[in-house]
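First comes the structure, then the notes that go with it.
What follows is calculated from the coordinates using simple rules that are stated; it is not laboratory data. Only a predicted model underlies this, so the values are computations on that prediction, with no experimental measurement involved. As a convention, Cβ positions derive from the backbone with ideal geometry for all residues, glycine included, and neighbour counts pool all protein chains shown.
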Amino acid sequence: MVLIMLSSERENPPAENSASEPLIELAGIGKSFPGVKALADVSFSVYAGEVHALCGENGAGKSTLIKILTGAHEKDEGTMTIDGQEVEIRSTQHAIELGIACIYQELSIAPQLDVAKNLFIGNMFKNKTGLLDLKTLYRDAEEILVKYIGLDVSPRTPCGELSVAQQQMVEIGRALTRRARVIIMDEPTSSLSESESETLFKLIKMLKDDNVAIVYISHKLDEVMQISDRITVLRDGRNVLTSNTDDISEDQLISAMIGRSLENMYRKQPAEQGQTALEVKNLTKANLFSDVSFTVASGEILGFFGLVGAGRSEIMRAVFGADRYDSGEVRVYGSKLSGGSPSKAIAAGIGFATEDRKLEGLMLKLSVLLNMTLVKLPALSRVGVINRRARESIAGDFIDSISIKTPSTLQTAGNLSGGNQQKIVVAKWLMTDPKVLIVDEPTRGIDVGSKSEIYGLLVELAQRGVAIVVVSSEIEEIMGICDRVITVCEGRLTADLRTAGLDSETVLSAALGNR
């Protein structure tokens, strides 16, 4: 069995779990970057067989702490011990050799390699002649896929053909093959369906029973409360709380994270709805979605809910013109759009904040200024010359109005927290003065404080008469902010429901195809 192999064949098996000796302990950790004190006197420990959740808003210092633990950054101050022995982790490879594995939110899959080779990359089996032992490789890969991560694919399938959720499970399986004593999971369920998340939680339980330590990072606080044994909260690069999970409520956890109570998270307010702003009729694309029809009125917030792979994002990409469709039509205030043309959609007044802000929403290596004003450049230019003063002015106004935290407009977008990156994406489209704004997973991977601010911004836009479409896999989000919800299952719309008085069980049932 793979898990027996992981525990019994380690070169340095973990000590017995006891309150006196953590498996890993960090004490007084400090780290500075030019102009920024990222961590100050941070202490953190994790015991064998424990799930220790690390929580905090984006920018709180979680990523910096994890990068120190995995050898990506060197600490400036403090000590780190493993099994009571002080260590200096010199590199990411050194961390792996010490038994520390990290599953990052940004996947590190090699799409051209098959599943088995991705599972065992850097740890391939060789036979007596020194050649790759493919028989053993595929046999052990099959065991991991079937018995431990519940992924129903062939180990010979190229990873580039898998969905994002399936690639995430392959990442988790890779950590198992490295005989990790500590597994760090950074937003591991961000791309997983409910059933896939349950499979992950069962796997975490098996790892705990095998005496593996888990560091769990997630903005989904219900998950944190469900699976963790202890919780540590960072705020502004400092420890503000470490507690047994049973001794703290979710409200107390939120207050510790943001430094204040968070009341009225969704800020839902009924807006006066006007005429039909967006009308979609019989939109169809073979093998993706079929006969999709819906409308959104000005001032209305419409939710699109469905499980991973239901076709929600594909529908919205077609509406925006990013992908062509086979038949049907899209109208904005009665005017028909030709498919496959984002520029025409933008000109008609549609804005589209895509699901993946890092790959499609932003150019991470460019400045905040360039990212925010990119779509607005034609209006800020005359005979090909950009009005720099106007560009700076409008960017500054949006930074102030939606509270983007950045040292300057020249800061590289990739250096900002996830919440601030998401605000830049939204600001980019707000600069176009949209009549219809589509936001796909608007709060994925951002902290609760930023979530509340995004919700407030969407409600404010609806109050101003913008038609909003929110695509989300979180029922609470849909129920909390939307006036109406449409459910999607296997590329078909299965229900159109008013959220007032609606229960989440009805929404989930419709999303599963039960009318």
Between the Cα axis of helix 448-463 and the main Cα principal axis of the chain, the angle (0 to 90°, nearest 10) is 10 degrees
So the angle from the long Cα axis of helix 134-143 to the longest Cα principal axis of the chain, reported in degrees to the nearest 10, equals 70 degrees
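What net charge do the residues around Ser195 carry, taking every other residue with its C-beta under 13 Å from that of Ser195, with Lys and Arg at +1 and Asp and Glu at -1?
Details: positive: Lys202; negative: Asp152, Glu194, Glu196, Glu198.
Charge balance near Ser195 sits at -3.
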Rounded to the nearest 10, the angle in degrees between the Cα long axis of helix 194-209 and the longest principal axis of the Cα atoms of the chain comes to 20 degrees
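Which value, in debye to the nearest 20, describes the size of the charge dipole of the chain about its Cα centre when Lys and Arg Cβ atoms bear +1, Asp and Glu Cβ atoms bear -1, and nothing else is charged?
Details: 55 positive and 68 negative charges, 421 e Å.
So the dipole magnitude of the chain works out to roughly 2020 debye.
If neighbour count is taken as other Cβ atoms inside 10 Å, put Asp133, Asp251 in order from fewest to most.
Values: Asp133 16, Asp251 12.
If I rank by nearby Cβ atoms, fewest first, I get Asp251, Asp133.
Cut-off is 10 Å between beta-carbons; in what order do Tyr104, Tyr325 appear when sorted fewest neighbours first?
Details: Tyr104 16, Tyr325 24.
Ordered by Cβ neighbours within 10 Å, fewest first: Tyr104, Tyr325.
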